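*Asks:* Handing you this structure, nothing more for now.
A short reminder: the numbers here are calculations on the coordinates, not readings from a lab. Quick caveat: nothing in here was measured; it's all calculated off a predicted structure. Don't worry about glycine lacking a Cβ; one is built from the backbone with ideal geometry, like all the others, and counts go over all protein chains shown.
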Amino acid sequence: MKPGYLLLFFILLKFAIQYAVVHPDFDLHRDEFLHLDQADHLAWGYLSVPPLTSWISVLIRWLGNGEFWVRFFPALIGAVTIVVVWDLVKRLGGNLFAQSLAAVALLCSALIRLNILFQPNSIDILCWSLVFYTLVCFFQTKNSKWLYFLTLSFAFGFLNKYNIIFLALGLFPALLVTDKRSIFRDKHLYFSLLLAVVIVAPNLIWQYQNGFPALTHMRLLSKFQLVNNSRAGFLTEQLLFFYPSIFIWVPGFFALLTSRRFRDFGFIFWTFLFTLGIFTYFQAKAYYSIGLYPILIGIGSVWISEFFETGWKKNLKPILLLIPPALFLPALPLIHPFYSPNRILENPPPYSLLGLNRWEDGEEHPIPQDFADMVGWSDLANLVDSAYLMMPKTGRTLIICDNYGQAGAINYYSKIPGLRALTMNADYLYWFDLKEKVDNLILIWEKDEKITDRELNFFEEYQEIGKITYPLAREKGTTVHFLRGAKADINAILKAEVAAEKKVWEGRE
């Protein structure tokens, strides 16, 4: 088979797998709603993420905003990652078998899980892969154009997710301790860095103008989430992301030091160690480092193909291609929302065997956190629609939620044209328009929060409309409250609360 046709087969297979592993009864994920709503509020920065994802959200909106297109783009980005590694293997001298082995390894990996969600993670991994790819190309050809592609990979990676800074922190000393430090004598590196600075400057200016909320986000992340992570757990989980291809990437890792063919790329070995060490020190989430592995899979595939090229060993090649799927398929229903929520409720898979049901709070739950973040949202939107239709036709009704998942899900699944929910959480905090008088409120409170007498006294009528009851939903117990006929200046109260919350995010309090 011609290489082009075989690559097309793997790309189509990638798309097929991405859609197959998500049962249609699942809703979108809470994070996806936030990114989709950013299409209505384009800016050079947001509280938790840079702007690149919002640009893709605009494309999704133009294409109809359906779930098919929301899932399409992370699948596409994952497919492009395969293409990058495919070409990398060829540049390293790998044959068609080596390219196929690398593609199979990427298909049977944690990338399937990440590529089902419209989040910055998919582009993050692609940009990390492009950084290594462009460096390999530069050191092979000495063509300065690859330095510009290198810094562009960093620039767009930065505009996608700040996580790529940690790759830069690992790569810089890795280049210094090898003979590739000569790259720092190339004037084009500095010209290309200047271009990268120009590209990311609007985001940096936005951060400065808004008090660097990214730093606040990192502090909160460290205080409430990363504190529950262990360094040993971080390192252990590294073996799980690409466990079906461990026989490929581990030899690839050591081949960077032992094989004459890869000796020119020893900086990748040290980049892996330095970056992993930084993440371990900061108790990072394990998946932050996934971008390190596609390059190792590419190198390992070349090494494996050469090792099994002659003698009786070449007869084992078909078996090597079958090992990743054989190891990956049994775990597929565990690490993806493959079964329907009702099937999981009635006959739960053994998630605890792999620790998949341990959430960010450090506690074990019936299903993985990501799965729990994908159910109950359409039910919540239906409850809010019911409450909204009960409101008087005159006067303004504002919908305020506890968190961004609730607000985004309502905006996505609501059947009422023009209905928009807000929250003083995440980027929605900056999207309040309080110029027009607010007469009624629909409040969406989490299960532990109650409507107080203070709030009740502000309105003429109160009703509890309903709550999410589905047992697997992370939002189980979330309640929709109906408050009609304001007797107080609701606008002034909301403006004060929004201003106070902004001070926190902007580091002024």
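*Asks:* In which sequence would Met424, Met390, Met374 go, from the one with the fewest C-beta neighbours within 10 Å to the one with the most?
*Replies:* Met390, Met424, Met374
*Asks:* What area, in nm² and to one decimal, does the C-alpha convex hull of the chain cast on average over all directions?
*Replies:* Dividing the Cα hull surface by four gives the mean projection, 25.3 nm².
*Asks:* So, one more: Only counting other Cβ atoms within 10 Å, I'd like Arg219, Arg474 sorted with the fewest neighbours first.
*Replies:* Going from sparsest to densest Cβ surroundings: Arg219, Arg474.
*Asks:* Between Glu346 and Tyr19, what FRET efficiency comes out of the Förster formula 1/(1 + (r/R0)^6) with R0 = 30 Å and r the beta carbon distance, rounded to 0.05?
*Replies:* E between Tyr19 and Glu346, to the nearest 0.05, is 0.80.
*Asks:* Only four residue types carry charge here, +1 at the Cβ of Lys and Arg and -1 at the Cβ of Asp and Glu. Report the dipole size of the chain about the Cα centre in Debye, rounded to the nearest 20.
*Replies:* 2180
*Asks:* State whether segment 287-347 is rounded, prolate or oblate according to the following rule on the C-alpha gyration tensor (a ≥ b ≥ c being the square roots of its eigenvalues): a/c under 1.5 gives rounded; otherwise a/b larger than b/c gives prolate, and the remaining case gives oblate.
*Replies:* It comes out oblate by the Cα gyration axes.
*Asks:* May I ask you to compute the full-extension gain from Glu436 to Phe184, defined as 0.36 nm times their residue separation minus their alpha-carbon distance, rounded to one decimal in nm?
*Replies:* That works out to 85.0 nm of additional length.
*Asks:* Using the alpha carbons of segment 364-410, what is the convex hull volume per residue in cubic angstrom, as a whole number?
*Replies:* 82
*Asks:* Still on this structure, please answer the following. Mind checking segment 136-189 for trypsin sites (Lys or Arg not before Pro) that DSSP puts in a loop (not H, G, I, E or B) and that have at most 16 other Cβ atoms within 10 Å?
*Replies:* Lys142
*Asks:* Before anything else, pin down the relative contact order of the chain: Cα pairs under 8 Å, at least 6 apart, normalised by residue count, whole percent.
*Replies:* Computed value for the chain: 18 percent relative contact order.
*Asks:* Based on the mean of other Cβ atoms within 10 Å per residue, sort peptides 300-307, 320-327, 271-278 so the most packed one is first.
*Replies:* Ranked from most to least packed, the peptides come out as 300-307, 271-278, 320-327.
*Asks:* Could you list His188, His29 so that the one with the fewest beta carbons within 10 Å of its beta carbon is first and the one with the most is last?
*Replies:* His188, His29
*Asks:* Taking square-rooted eigenvalues a ≥ b ≥ c of the alpha carbon gyration tensor, is segment 377-505 rounded, prolate or oblate, where a/c under 1.5 means rounded and, failing that, a/b exceeding b/c means prolate?
*Replies:* The shape class here is rounded.
*Asks:* I would also like to ask the following. So what's the net charge close to Leu52: Lys and Arg +1, Asp and Glu -1, counting the other residues with Cβ under 12 Å from its Cβ?
*Replies:* 0
*Asks:* Out of all DSSP beta bridges with both ends in the chain, state the antiparallel percent to the nearest 5.
*Replies:* Given both bridge residues lie in the chain, the antiparallel proportion sits at roughly 60 percent.
*Asks:* Sticking with this one: Using the Cα centre of segment 331-473 as the reference point, and only Cβ charges (+1 on K/R, -1 on D/E), how large is the resulting charge dipole? Debye, rounded to the nearest 20.
*Replies:* In total the dipole reaches around 480 debye.
*Asks:* Of the options Ile493, Leu42, Gly477, report the single residue whose Cα projects farthest towards the positive end of the charge dipole of the chain (beta-carbon charges: Lys, Arg +1; Asp, Glu -1).
*Replies:* Going by the charge dipole, the pick is Leu42.
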